[in-house]
């Protein structure tokens, strides 16, 4: 069986923005090897599920979640949007 039709567009719930400071979500440091650093360095680590829209994390940093990690490189800023995506 095959069918075609139109359906209403899904409404994604947007969360209201929070402060840009993500300091409350910091969980410590992690060692990481970055090119040009000459060895492993300690990076601030943040927990992903606690980040809120509007939070900003300056690199270098690591954002950890249950199944992966996001590396924010030096000179970059990660920003959480209203749908909880991490944007460069």
Q) Is any residue of segment 11-29 close enough, with backbone N under 19 Å, to a label point placed 7 angstrom from the Cα of residue 56 along the Cα-Cβ axis, and if so, which? A) 16-26
Q: In Å³ and rounded to a whole number, note down the convex hull volume per residue for the Cα atoms of the chain.
A: 152 Å³
Q) Of the peptides 47-54, 16-23, how do they stack up when ordered by the mean number of other Cβ atoms within 10 Å, highest first? A) 47-54, 16-23
**Q.** Two-site label geometry, residue 69 and residue 33: point separation in nm, points 7 Å out along Cα→Cβ
**A.** 1.3 nm
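Read-outs throughout are calculated quantities, based only on the coordinates presented, and are distinct from any laboratory measurement. All values reported here derive from a predicted model rather than from experimental measurement. All Cβ positions, even for glycine, are placed from backbone atoms using ideal geometry, and neighbour counts span all protein chains on display.
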